[in-house]
Amino acid sequence: MAEAKLSGVGVSPGRASGPVVRVTDTIEEPASTPGPDDPYAESALIGPAAEKVAARLETMAAAATGDAAAILTTTAAMAADPSLVSQAEQLVTAQRIPAARAVYEAAGHFAQALSNAGGYMAERVRDVHDVRDRIIAEILGIAPPGVPELTTPSVLVARDLAPADTAGLDPAKVLALVTEEGGPTSHTAILARSIGIPAIVAVRGALTFDAEAVVVDGDLGSVEAADPTAPVVTATAGGAADWNGTGETADGHPVKVLANVGAPTDARAAADAGAEGVGLFRTEFCYLDADDEPGVDGQRSAYAAVLEPFRGKPVIVRTLDAGADKPLAFLSPEAEPNPALGVRGVRVAFDRPGVLDRQLEAIAGATADSGADVAVMAPMVATADEAAWFAERARAAGIARAGVMIEVPAAALSAREVLDAVDFVSVGTNDLAQYTFAADRQLGAVATLNDPWQPALLRLIGMVGDAAKATGKPAGVCGEAAADPGLARVLVGLGVTSLSMNAASVRAVGARLAGVTLAECERAAQQALAAPNAQAARTATK
């Protein structure tokens, strides 16, 4: 008997139902034969094709906002990467293979290198495959794989979705997303939340599920067969429009509702969404394309542009989160056997304190320029000694408030001592889950372990909340877990004092908290902690 229900990891809340449309997975692997009569003329096809693909993606990015715009811009830069084009051209002339095959092989080399690097870099493999398929389709004069034109509102089912496909989805036509791969922090998850449609990832058997129509529950992570003749049901973000813009529970317990940003466009979107401030300002955008370390003045100007929309409001700036899994040319990183456990985050600064000191100088200057209420925090801190080292340097730079991220289980376990050394902490649930469960957060096969509803993860967060209460200092959450309105109640019940998320989730989370009391949040937290698994934790707190 065929299964009538599948389960996965719910990454964007809501419930919807309707007909299924399956998405083409990837382009057919190009053949190596016949070889071109003129390899130089054949190689000349690659550059223009890549330029056309990059231009289309740039046009899409210009029409998008927030997370979608940032992801499309990054994908366009990959398509225009001269090293990819050059390597493919050399393969054509050296091996006399067709241009399409050369692009396929060159992209394969890049994807393998990123996969070997792990962590953040491994997250870009899907982007490389997307760019590869688009360039090959342009060379061959065929339609690229991806989301077909939808004539009626439908549920999209795919192995995974390319960033450009997800960013270009029309929420009026796409009822929900279901993918076999991906994880809670994948582009599919982030963008589904941004456009407000239910989404479930890591659903094994989704593509072979024998159903013409399905019901998708993004809260519970379930996919059920539905009557194909039943009316379409569209998910709605209930109550989000009713939020008054003040982060607090129904009985007046304050909980700051903040936004995660990484560029000026993100900051403007967050301010427009009503965020009370910024709980995570990612500064990597200043460094990622730089061959040399950016100067203090350049950093200062770039940071001020992000801070400006939040004049007079709190902004937490995370110092450079780079290293082995996010290699930067000017840091000359050494090869490491396991980059995810290597020299990254604050660990880079131990060997190169000048890089950190110059960034802190730039942040202090941008604070004066913008008028924002700025604090700084360091990533990948593991011990109280590391926290104290960072806080001392931040205060020496003239920044009054210094904190650290709790992403390493050791830091959660010693949260009391860490808080004694700094002014606040912020839990990065994405990495904390990855390191707690020894599960790559981008690997679909272990995505259920990275589910932020996992009771073991919540218990670690509860330890941080207890330490915050004991010391009278703030403890926030700035991972993707904060964007889940249902989980937000649990986090507040665990003692979290602020939540920071993508701009699209701000109003929904604020409204959900405004509708419950602190006692109800604490009760939901206890129910989640007592659950045997993530699915049971979700169900117990419904």
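For the stretch 416-499, please list each of the helices (runs of 4 or more DSSP H) lying entirely inside it that holds at least 1 residues being free of Cβ contacts under 8 Å to residues at least 24 places away in the same chain.
429-437, 455-471
Residue-wise test of (1) open to solvent by less than 10 Å² (accessible area, probe 1.4 Å); (2) hydrophobic (A, V, I, L, M, F, W, C); (3) under 11 Å from the mean Cα position of the chain (by Cα); (4) farther than 19 Å from ASP451 by Cα.
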residue: ALA158; (1), (2), (3), (4): yes, yes, no, yes
residue: PRO163; (1), (2), (3), (4): yes, no, no, yes
residue: GLY168; (1), (2), (3), (4): no, no, no, yes
residue: GLY183; (1), (2), (3), (4): yes, no, yes, no
residue: HIS187; (1), (2), (3), (4): no, no, yes, no
residue: PRO198; (1), (2), (3), (4): yes, no, no, no
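Before we move on, is LYS469 of a type in the set (Lys, Arg), open to solvent by 10 Å² or more (accessible area, probe 1.4 Å) and in contact with a strand residue (DSSP E or B) (Cβ under 8 Å, 6 or more places away or on another chain)?
Considered against the rule, which asks whether it is of a type in the set (Lys, Arg), open to solvent by 10 Å² or more (accessible area, probe 1.4 Å) and in contact with a strand residue (DSSP E or B) (Cβ under 8 Å, 6 or more places away or on another chain), LYS469 comes out as no.
I'm told ALA290 meets every condition in (1) aliphatic (A, V, I, L, M); (2) assigned to a helix (DSSP H, G or I); (3) modelled with pLDDT under 95 except one. Can you identify the failing condition by its number?
(2)
Counting just the residues of the stretch 333-356 that are surrounded by fewer than 16 Cβ atoms within 10 Å (Cβ to Cβ) and acidic (Asp, Glu), which one comes out farthest from VAL381 (Cα to Cα)?
GLU334
Taking GLY18 and the conditions (1) open to solvent by 20 Å² or more (accessible area, probe 1.4 Å); (2) outside any helix (DSSP H, G or I), which numbered condition does it fall short on, given that it satisfies the others?
Every condition holds for GLY18 apart from (1).
What is the number of the single condition among (1) at pLDDT 95 or above; (2) open to solvent by less than 10 Å² (accessible area, probe 1.4 Å) that ARG459 does not meet?
(2)
Scan ALA537, ALA528, ALA481, ALA524 and give me the residue that is under 20 Å from GLU407 (Cα atoms) and open to solvent by less than 10 Å² (accessible area, probe 1.4 Å).
Exactly one residue qualifies, and that residue is ALA481.
If you check every pair at least six apart or on different chains, which have Cβ atoms under 6 Å apart with a residue in the stretch 37-51 that is within 14 Å of GLN87 (Cα to Cα) and outside any helix (DSSP H, G or I) first and a residue that is open to solvent by less than 60 Å² (accessible area, probe 1.4 Å) and small (Gly, Ala, Ser) second?
Sorted first by the residue in the stretch 37-51, then by its partner, the pairs are LEU45/ALA99.
Okay, residues lined up against (1) under 15 Å from VAL53 (Cβ atoms); (2) at pLDDT 90 or above; (3) among the hydrophobic types (A, V, I, L, M, F, W, C):
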position	(1), (2), (3)
GLN112	no, no, no
ASN116	no, no, no
ALA122	no, no, yes
ASP130	yes, no, no
GLY141	yes, yes, no
ALA158	no, yes, yes
ALA164	yes, no, yes
ASP170	no, no, no
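Out of the stretch 24-51, which residues are surrounded by 13 or more Cβ atoms within 10 Å (Cβ to Cβ) and either within 30 Å of ALA269 (Cα to Cα) or among the aromatic types (Phe, Trp, Tyr) (or both)?
Of everything in the stretch 24-51, just one residue is surrounded by 13 or more Cβ atoms within 10 Å (Cβ to Cβ) and either within 30 Å of ALA269 (Cα to Cα) or among the aromatic types (Phe, Trp, Tyr) (or both), namely GLU51.
The values are calculated or read from the model by the stated rules, or taken from the named source; none is laboratory data. The structure presented is a predicted model; accordingly, all values stated were derived computationally and were not measured. Ideal geometry is used to build each Cβ from the backbone, glycine not excepted, and the neighbour counts take in all protein chains shown. Remember, those area values only see protein heavy atoms, side chains included, never the ligands or the DNA or RNA. Shrake-Rupley method; radii C 1.70, N 1.55, O 1.52, S 1.80 Å.
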